[in-house]
Amino acid sequence: MLPAAEKVITRNWGKPDSWTLEAYRANGGYRSLEKALGMTPQAVTDEVKKSNLRGRGGAGFPTGMKWSFVPKDSPKPKYLAVNADESEPGTFKDRYILENDPHMLLEGVTIAAFALGVRTAYVYARGEFKFQAERLQRAVEEAYQAGILGPTVLGKPFGLDVFVVRGAGAYICGEETGMLESLEGKKGWPRLKPPFPAVVGLFGSPTVVNNVETIASVPTIIERGAAWYAGLGTEKSGGTRLICLSGSVNRPGVFEITLQTTVRQLIEDERYGQGMPAGRKVKAVIPGGSSAPVLAAHEIDVELEFEALKKIDNMAGSGGVIVMDDTTCMVRSLWRVIRFYAEESCGQCTPCREGAPWAARLLRKLEEGRGEPEDLEILLHVAHSIAPFPPIGLGNTICALGDSVALPIHSFVARFREEFEAHISQHRCPFGDRPWGHYGALRA
Amino acid sequence: MGSPFFSAEEQRVFDAKLSEILAHYPADRKSAAMLPALRLLQEMKGWLSPDGMRLVAKALEVPPERAYEVATFYVMFHTHKPGKHVVDVCTNLSCSLRGAEDLLAYLEAKLGLRAGTSNEKWTLRETECLASCGTAPCLQVDEVHHEGLTRGRVDALFDKLS
């Protein structure tokens, strides 16, 4: 049987008033900060490096290495920008960290700031997270009152200000440089890299951009030690991982899992998804948010771990696992995904701005039974023009949103081509007016 | 001091809150406050009129088109007066697998307008993924999440708002 995951991120969830400073301290909170303040900043960074913590926002970049890219001798102020713009379809984990344990995030922010020599940190929450941003803001105010934030941190000669900023509804601001533009008060057009934010980031200064779950992992790493944290994971990725399970499965939700957990185990295990609805089988699973390539049913014995998914030309992404059962229409599913990216394309790069809406129109045409035999090749050509595949990362655009349009198209058509062709030959959707599978109707 | 746009009291509130916001940014980066400043104005006035955007731009010492550029980029900013309640329905993949298309159709019939349109009372829109995929289908009314929706829950929620 699959071993239970150690509770790192979720350990306080469900405890009474877990979001308050009092409860967080009663559960051992802010002791890691005390410990870190007794270390040298370099020793804290080394500990994070040795823990094999990898970014939980999508790209999976080693966190300690990212921190070490910040120039030590820069005369400019340095910034930490925490990405709480959780918008990748199928992803809803950072939201629960903000709701259930904002102080775990803040403790991580203070430790990271100490390690990096940062005196000002921003947390950028997506605009739709009004409740979550307000809860975090209250935690920030509690931390100022308790002397955890402000001109001195726990009485030590190190000061830190934390500001919570809300976006206003734009998926692209989850891209790290789009987020920095937005923090600077602009529309969220991603920047060409290099220079990377660690060198030229917010206000032209060295900036570390980390995801909420990533930063919230830091206190535990300091508390239990890098070796312990690394030991929870695999050779190249430390710790546990939050996974967001949604779609056609009996128990959707956020689960903290070991990185050795496979997609199939996540769906079937009693502690997690509790299996498929009665009589239904898995048809397709998107393993890392809707930007990730889709997997067919025979491919789901893959571990939900960065390297394992990379090896099969997929990605761990943001941890959003979306399950489709055998009565779900793949054309409609893909159309749904691509419409989103067409709407959210920021308009900066031509392949994405023009290609995404073109692909969405083609998919609509196919789904409505108006497709012509050549449409499928045109669709693939459009996808190829935005980003060839495989491997991941060949996009012809400034940021990865272009890849997010291309990868679903390439992967859906490669695995379910006959279903696309059936839409053309039958001049209709074979699933009729029930394209969304077992749970696809609104309940009374 | 009042103006045709703000009463004296409104101006005082706006100035006080804006100076709190500006304290979050470097002194030479006033324009970084564009998003919070536009949100402040929208909370006070319900939407961002051309006069309002001009006022924000002036306060942040940038040309008015900068305020307009930002306001029109983000969907939560309203550069046209919305209905009394703004209803954002997620129809993305995870929600559609849990009844979101039915939900949207049900709301269109119930509220009597098509998605993407407004009347005095309602603005009804399809929106991006709201990070409620585990509790789908979901929507937001006036920036507040409502999740795990059924016909019954939709009725209870919207009949209360009517």
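Of note:
- Accessible surface buried upon A-B contact (total; probe 1.4 Å; Å², nearest 100): 4600 Å²
- Size of electric dipole in the protein assembly as shown: Cβ of Lys, Arg +1 and of Asp, Glu -1, about Cα centre, debye, nearest 20: 540 debye
- Average accessible surface area per residue within region B:1-156, 1.4 Å rolling probe, Å²: 44 Å²
- Percent carbon-and-sulfur accessible area, chain B, ignoring ligands, DNA and RNA, probe 1.4 Å: 53 percent
- Kirkwood-type radius of region A:356-444, with distances r between different C-alpha atoms, in Å: 14.0 Å
- Cα gyration tensor shape for region A:20-71, rounded if a/c is under 1.5, else prolate or oblate: oblate
- Expressed as a whole percent, the accessible area of region A:156-276 that falls on carbon and sulfur atoms is 55 (1.4 Å probe).
- Remark: region A:240-325 is approximated by an ellipsoid whose semi-axes, taken from the C-alpha gyration tensor as √(5λ), come to 18, 14, 11 Å, largest first.
- All lysines inside 19 Å of A:Lys49 as judged from Cα atoms, apart from same-chain residues fewer than 8 positions distant: A:Lys35, A:Lys66, A:Lys72, A:Lys236
- Residue with peak Gaussian network fluctuation, chain A [Cα springs, cutoff 10 Å], from A:Phe196, A:Phe306, A:Phe114: A:Phe196
- Applying the Karplus relation 6.51 cos²θ - 1.76 cosθ + 1.60 with θ = phi - 60° to region A:237-249 yields 3J(HN,Hα) values of 9, x, x, 9, 8, 8, 10, 10, 9, 8, x, 8, 8 Hz, where x marks Gly and Pro.
- Two-decimal log10 I(q)/I(0) for region A:131-173, as the Debye equation yields it once each C-alpha is a single scatterer, q = 0.27 Å⁻¹: -0.89
- Interface residues, region B:90-114 - accessible area loss of 40 Å² or more versus chain alone, probe 1.4 Å: B:Asn92, B:Leu93, B:Ser94, B:Ser96, B:Leu97, B:Arg98, B:Glu101, B:Asp102
- Residue list for region A:350-390, given a label point 7 angstrom along the Cα-to-Cβ vector of A:Arg428 and an amide N cut-off under 18 Å: A:365-372
- Cross-link pairs exceeding 23 Å in C-alpha to C-alpha distance, out of A:Lys281/A:Lys365; A:Lys78/B:Lys58; A:Lys130/B:Lys45, comprise A:Lys281/A:Lys365; A:Lys78/B:Lys58.
- Taking Cα atoms only, the orientation of helix B:34-45 departs from the longest principal axis of chain B by about 70 degrees.
- Among A:Val254, A:Val212, A:Val164, the residue with the largest mean-square fluctuation in a Gaussian network model of chain A, with springs joining Cα atoms closer than 10 Å, is A:Val164.
- Computed over region A:158-297, the percent of Cα pairs more than 19 Å apart is 66.
- Radius, Kirkwood style, for region A:103-220 when every pair of distinct Cα atoms is counted (Å): 14.8 Å
- Apportionment of accessible area to carbon and sulfur, region A:330-441, percent (1.4 Å): 52 percent
- About its Cα centre, region B:8-73 has a charge dipole of approximately 80 debye under the convention of +1 per Lys or Arg Cβ and -1 per Asp or Glu Cβ, with nothing else charged.
- Region B:8-73 shape via C-alpha gyration tensor axes, a/c threshold 1.5: oblate
- Within chain B, the ratio Rg/Rh, alpha carbon atoms throughout and Rh by Kirkwood, equals 1.05.
- When the Cα positions of A:Leu136, A:Phe203, A:Leu154 are compared along the charge dipole of region A:120-241, A:Phe203 comes out farthest toward the positive end, with charges on each C-beta of Lys, Arg, Asp and Glu.
- Cα gyration tensor, region A:6-118 - rounded (a/c under 1.5), prolate or oblate: oblate
- Cα long-axis angle, helix B:151-161 against chain B (0 to 90 degrees, to the nearest 10): 40 degrees
- Fluctuation leader among A:Ile267, A:Ile378, A:Ile286 - chain A, Gaussian network, Cα springs under 10 angstrom: A:Ile378
- Mean projected area (nm²) of the alpha-carbon convex hull when the protein assembly as shown is viewed from all directions: 26.8 nm²
- Lysines whose Cα lies under 23 Å from that of B:Lys110, excluding same-chain neighbours fewer than 8 positions away: B:Lys81, B:Lys84, B:Lys121, B:Lys160
- Rg to Rh, two decimals, where region A:300-359 supplies the alpha carbon set and Rh follows Kirkwood: 1.06
- Reduction of at least 30 Å² in accessible surface, 1.4 Å probe, comparing all protein chains with the chain by itself, residues of region A:94-136: A:Arg95, A:Tyr122, A:Arg126, A:Glu128, A:Lys130
- Cross-link reach is defined here as a Cα-Cα straight distance under 17 Å, omitting same-chain residues fewer than 8 places apart; for A:Lys186 the aspartates and glutamates meeting it are A:Asp85, A:Glu175, A:Glu176, A:Glu344, B:Asp28, B:Glu61, B:Glu65, B:Glu69.
The values are calculated or read from the model by the stated rules, or taken from the named source; none is laboratory data. Please read all numbers here as calculations on a predicted model, not as lab measurements. Virtual Cβ from ideal backbone geometry, glycine too; neighbours counted across all protein chains shown. Side chains included, ligands, DNA and RNA excluded: accessible areas come from the protein's heavy atoms. Shrake-Rupley method; radii C 1.70, N 1.55, O 1.52, S 1.80 Å.
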